[in-house]
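Asker: Mind having a look at this structure? Questions to follow.
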Amino acid sequence: MKSIFEQGRAGRRGSTLPQPDVPPAAAIPAALRRRTPPALPEVSELEAMRHFTRLGQRNMGVAANFYPLGSCTMKYNPPFHERLAALPGFAGLHPLLPQLRHGAALTQGALAVIYEAETIISELLGFERTTMQPLAGAHGELCGCMLIAAYHRDHGNTERKVMLIPDAAHGTNPASAAVAGFVIREVASDADGNVDLADLEAKLGPDTAGLMLTCPNTLGLFDPNVREICALVHAAGGLCYCDGANFNAIIGRVRPGDLGFDVMHVNLHKTFATPHGGGGPGSGPVGVNAKLVPYLPVSIVQKRADGTYALEYECERSIGYIAPFYGNFGVILRAYAYLLTLGREGFIRVSENAVLNANYIRVRLAPYYEWKFNRFCMHECVFSAAKQARNGVRALDIAKALIDRGIHPPTIYFPLIVPEALMIEPTETESRETLDEFIQAMIEIAALADKDPAAFHDFPLTTPVSRLDETRAARHPDLTA
Amino acid sequence: MPYIANTDADRREMLRAVGCDSFEQLWTGAGVDLPYPMLENLPRGLSEFEVTRRLEQLASRNHTHLVNFVGLGYYDHLIPAAVGEITRRSEFYTAYTPYQPEASQGTLQAIYEYQSAMSRLTGMPVANASLYDGGTALFEAMMMAVRITRKRRAVISGAVSPIFRKMIQCYSRNLDIELVEVPADGVTSATERLLAAVDERTACVLVQYPNVFGTIEDWTSLVAEVHARKALAICSVYPLALAVLKTPGEMDFDIVTGEGQSLGIPLSFGGPYLGIMAVKQEHMRRMPGRICGRTVDREGREGFVLTLQAREQHIRREHAMSNICSNESLCALSALVYLTCVGRQGLIDVAELCLAKAAFARQELVRIDGVEPVGVGPFFNEFVIRLPGDASEIAGHMIDKGFAVGFPLGRYYPDRKDQLLVAVTEKRTREEIKAMANALEAVL
């Protein structure tokens, strides 16, 4: 499709502006003016709408397609949240109003949203307080790691520089810990997909700052030793970080704070139904127990005795400003609407159905794809396409075959410890019929992989483009029109 | 149950299919052998109607009716309805990061066009797919300079947003970075002192354009001097102003970042916003974040993919350029649709309206007895005035009159308690500006 820069013609406009009602300003000195106007599009509004509408039609999305992208929790995003976020009383609210004199009074509605969303999330996670400020999941990880660093600094633990991270972890875990100044040491998984306790014990020591554990883990499994793991880390003087990317599996069923974790992030764009937006905006609130409350980033929303809300900035031991303001408010607002809709009786239904849907797929597909573990999975099931790969059909090929069947592929090649991984996460919002259609598609694909492996190399056939030359893209980068 | 399709009958049958009689058994089979938590403190579920009513009530408690002259990097600009219409299309907002390019050409082409628009606006050859916000983008730029130069000292102007400076201080704390702040001089950066602070150990100099006081400064000679000292020059921009201003590319900056909120993104009480980053060609492979590239498919048709992924956390883990994963894709789409609809001439017109209205407002304000201009330099749409008293107190009185009159600088600059930073956008009318000036005169 032609780029927007190749459409329209010189002089064409796509918007109207108010007529000037004040005299023109004195000209900016020539030395400060740009030489040529920015070469931005010159199209009518209709041309713009048509271009972007057609671009949208070249995407898969949850509203149109089953999207079992493992670990990403592509559940349904209720559209009324979009309407709420666009209310002028929220969308038009300047973030600096609370910093004016008695300014908190000007934004009581917005502060209530943040505070109440925080309160519900703290309760679900089993933590004392939650900061809503982190702007994405990985940003939450970084914030959590900075809290751990601040704790050790405050306690004079200058030698605690090592963050232990299991080999099954998301790449963001080691990357976030590194940005917080930690040295990373990997902990092995055992044959059952759990943390290898012997390896963990061997690696704990006086240099341990903490452990980052994804719970449930990236294999879609709940580590039954999680309480013991937390106790071991605590006994060694470290803190326990829970990566809550997979919180959807246990919401309303398990509170990570009760398991011994000290700090945890959740992704509002996973568990709490806010849209992924094609790669953000996300939001990664971080819950902490009493040990870490003093270090939370500023500002902190406090509820006063009279029921009004205030922003607290004077927190002596706070790590400071991780975000410009109070977090991705528009995202928090959508999550708050979701929390209010579900209510206390709804949360457990989310985790029950997420786990049931994943196990239903696991049981039905186990005869066709390799499933390594002798137990139930949680919210997602990680198969290996090793059997198909021996026949020349790799996980990538299976993914492309699914696209031709109108299904977004699962996450592939992650976690790294499973060869030819197919990480399938149906989420709780999908119906049994949709799961059956998916299962049928996967069975047909397995049969085709036996019968005609060569056919796969041309898939997908139904998309606007076929497989793209990624090597060329990286070797000869073409990044601007 | 909200948003759950399976009925109790479905659930029973599915439990049987997986070999369980009950959910208890399912949980136990998955290794979850823990007591159920008590969630009695949580509220009961509400209907869509009730949730809407509650949030409409909360929205009505926010004082968005105030006539707004507060800026400090976040501005009340016009947003064509087409922007929201596109970003609320489910094909965009319910999609994930485009890991499967054949199923995501819409998002990918939009990112590519966004990168192109940022490149054209900033005058820099390449841009990434977005970062979280202007502050985190500036921090990422500093760390990029640290990686490129292998030096760990950064010099930052006191005329950079105090919010960004606080964020960079926060992030630098664990990283063995020496951060040197050079206080501003009036409403300008103290260029001589900035340069004097650049030594052979310095990785980069960070400035803002226009600066936090609204002043437009020509950085051309500073950039050359910084380069002569083997350091990189980094500029945080107000992208809308670049419609008319000399570009960072023309001034030879190495890395350009910015807060993209002014490009079609609502104020929304602090986010989601848009972190912009654009760099010189030679630094392309050191840039953090997603990058989209144009390539071809097997039939030679043009298509788009995420590229240069060897920089990223899912490949490099702790050695990645950054830990960023999700960025602000939908906000980048807003910026692209905004720039498309407003267009080449429209963006210049918006900038000219901002310039004219800000100049008019300043003229109306300094006419008041006791109100003085601070500084003489050219400014874009924001300027500083000195009030005959505590600016915070006076701004407080102006709220009672219906105006958010500006930002009292004393909050971040203790020696500027009598200074007010006033921002004016194309949305403010002559009448609103005059009424604000009259109200201020009455308050003083």
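Just so it is clear, none of the values below were taken in a lab; they were calculated from the coordinates. These numbers were taken from a predicted model, which means no experiment stands behind them. In this analysis, Cβ positions are derived from the backbone assuming ideal geometry, glycine residues included, and neighbour counts consider all displayed protein chains.
Asker: Choose one answer from B:Gly31, B:Gly396, B:Gly270: the residue with the largest mean-square fluctuation in a GNM of chain B with alpha-carbon springs under 10 Å.
Answerer: Looking only at B:Gly31, B:Gly396, B:Gly270, the largest GNM fluctuation is found for B:Gly31.
Asker: While we're here: Calculate the translational D of the range A:346-458 in whole µm² s⁻¹ from Stokes-Einstein, where the hydrodynamic radius comes from the Kirkwood formula applied to all Cα pairs, the temperature is 10 °C and the viscosity 1.306 mPa s.
Answerer: The calculation lands on 112 µm²/s.
Asker: Go through B:93-99, A:31-37, A:237-243 and give me the packing order, highest mean Cβ count within 10 Å leading.
Answerer: In decreasing order of mean packing, B:93-99, A:31-37, A:237-243 become A:237-243, B:93-99, A:31-37.
Asker: Something else: With 10 angstrom as the radius, rank B:Ser22, B:Ser161, A:Ser283 by how many other C-beta atoms surround their C-beta, starting from the fewest.
Answerer: Result, fewest neighbours first: B:Ser22, B:Ser161, A:Ser283.
Asker: Continuing with this model, one more query. Roughly how crowded by other chains is peptide A:328-340, in terms of the mean Cβ count from those chains within 10 Å of each of its Cβ atoms?
Answerer: 5
Asker: How long is chain A along each principal axis, judged by its Cα atoms, biggest number first, in Å?
Answerer: 76, 59, 47
Asker: Same structure again: Can you give the calculated 222 nm mean residue ellipticity of the protein assembly as shown, where each DSSP H run of n ≥ 4 adds -39,500 (n - 2.57) and the sum is split over every residue, rounded to the nearest 500 deg cm²/dmol?
Answerer: -11000 deg cm²/dmol
Asker: Shielding of B:37-50 by partners, i.e. mean partner chain Cβ atoms within 10 Å per residue?
Answerer: Mean shielding by partner chains, rounded to a whole number: 6.
Asker: Still on this structure, please answer the following. Between A:Asn225 and A:Lys2, what length in nm is gained on full extension when 0.36 nm per residue of separation is reduced by their alpha carbon distance?
Answerer: 74.8 nm
Asker: Let me ask something additional. Please go through the residue pairs B:Lys151/B:Lys417; A:Lys270/B:Lys151; A:Lys303/B:Lys427; B:Lys246/B:Lys357; A:Lys203/A:Lys400; A:Lys75/A:Lys372 and name each one whose alpha carbons sit more than 29 Å apart in this structure.
Answerer: Flagged as over cut-off: B:Lys151/B:Lys417; A:Lys270/B:Lys151; A:Lys303/B:Lys427; A:Lys203/A:Lys400.
Asker: In whole Hz and in residue order, list the ³J(HN,Hα) couplings for the range A:90-100 that follow from phi through the Karplus curve 6.51 cos²θ - 1.76 cosθ + 1.60, θ = phi - 60°; x for Gly and Pro.
Answerer: 9, 4, x, 8, 6, x, 8, 4, x, 8, 6
Asker: Using the beta-carbon distance between A:Glu433 and A:Ser44 and R0 = 51 Å, what value does 1/(1 + (r/R0)^6) give for FRET efficiency, to the nearest 0.05?
Answerer: Once rounded, the FRET efficiency stands at 0.75.
Asker: Report the Cα centroid-to-centroid distance between the range A:99-121 and the range A:213-251 in angstrom, as an integer.
Answerer: With the range A:99-121 and the range A:213-251 each reduced to a Cα centre, they are spaced 32 Å.
Asker: Name the residues of the range A:79-109 whose amide N is less than 20 Å from a point 7 angstrom out from the Cα of B:Phe49 along the C-beta direction?
Answerer: A:79-84
Asker: Quick one: pull the percentage of alpha-carbon pairs in the range B:152-200 with a separation above 16 Å.
Answerer: 39 percent
Asker: Cα centroids of the range A:318-368 and the range B:117-140: how far apart, whole angstrom?
Answerer: 31 Å
Asker: Cα convex hull of the range B:81-337: how many Å³ per residue?
Answerer: Hull volume normalised by residue count: 131 Å³.
Asker: What does the C-alpha gyration tensor say about the overall shape of the range B:246-290? Classify as rounded when a/c is under 1.5, otherwise prolate if a/b is larger than b/c, or oblate.
Answerer: Cα axes put the range B:246-290 in the oblate bin.
Asker: Provide the descending list of Cα extents for the protein assembly as shown along its principal axes, expressed in whole angstroms.
Answerer: Result, largest extent first: 83, 63, 59 Å.
Asker: With viscosity set to 0.692 mPa s and temperature to 37 °C, compute the Stokes-Einstein D of the range A:84-340, Rh being the Kirkwood radius across alpha carbon pairs; µm²/s, no decimals.
Answerer: 177 µm²/s
Asker: Above 18 angstrom, tally the Cα pairs of the range B:1-115 and express them as a % of all pairs, no decimals.
Answerer: 79 percent
Asker: What list of ³J(HN,Hα) couplings, whole Hz, do you get for the range B:202-209 from phi and the Karplus terms 6.51, -1.76, 1.60, once you set θ to phi - 60° and write x for glycine and proline?
Answerer: Result, rounded to whole Hz: 8, 7, 6, 10, 10, 10, 10, 8.
Asker: Relative contact order of chain A, please, whole-number percent, based on alpha carbon pairs below 8 angstrom and at least 6 residues apart.
Answerer: The normalised contact order for chain A reaches 18 percent.
Asker: While we're looking at this one, here's another question. Using a/c under 1.5 as the rounded threshold, could you call the range A:69-170 rounded, prolate or oblate? The axes a ≥ b ≥ c are square roots of the C-alpha gyration tensor eigenvalues, and prolate needs a/b larger than b/c, oblate otherwise.
Answerer: Because a/c hits 1.5 or more and a/b fails to exceed b/c, the range A:69-170 counts as oblate.
Asker: Could you tell me the center-to-center distance, by alpha carbons, between the range B:332-373 and the range B:67-88 in angstrom?
Answerer: After rounding, the separation between the Cα centres reads 13 Å.
Asker: Would you kindly derive the ³J(HN,Hα) couplings of the range A:160-175 from the backbone phi angles with the Karplus curve 6.51 cos²θ - 1.76 cosθ + 1.60 (θ = phi - 60°), listing them in order in whole Hz, with x for Gly and Pro?
Answerer: 7, 10, 9, 9, 8, 9, x, 5, 7, 5, 4, x, 5, 4, x, 5
Asker: Taking 7 Å along the Cα-to-C-beta vector as the label spot, tell me the A:Thr53-A:Arg35 distance in nanometres, rounded to one decimal.
Answerer: For A:Thr53 paired with A:Arg35, the spin-label model returns 4.1 nm.
Asker: Then there's this: Quick check on the exposure proxy: order A:Thr434, B:Thr425, A:Thr73 from fewest to most C-beta atoms within 10 angstrom.
Answerer: Ranked by crowding around the Cβ, least crowded first: A:Thr434, B:Thr425, A:Thr73.
Asker: So, one more: Would you mind estimating how fast chain B diffuses translationally, via Stokes-Einstein at 10 °C and 1.306 mPa s with the Kirkwood radius over Cα pairs, in µm²/s?
Answerer: In µm²/s, the coefficient is 65.
Asker: Take A:Phe325, B:Phe304 and order them by how many other Cβ atoms sit within 10 Å, fewest up front.
Answerer: Exposure proxy ranking, most exposed first: A:Phe325, B:Phe304.
Asker: Please compute the average number of Cβ atoms from other chains found within 10 Å of each residue's Cβ in peptide A:311-320.
Answerer: That works out to 1 on average.
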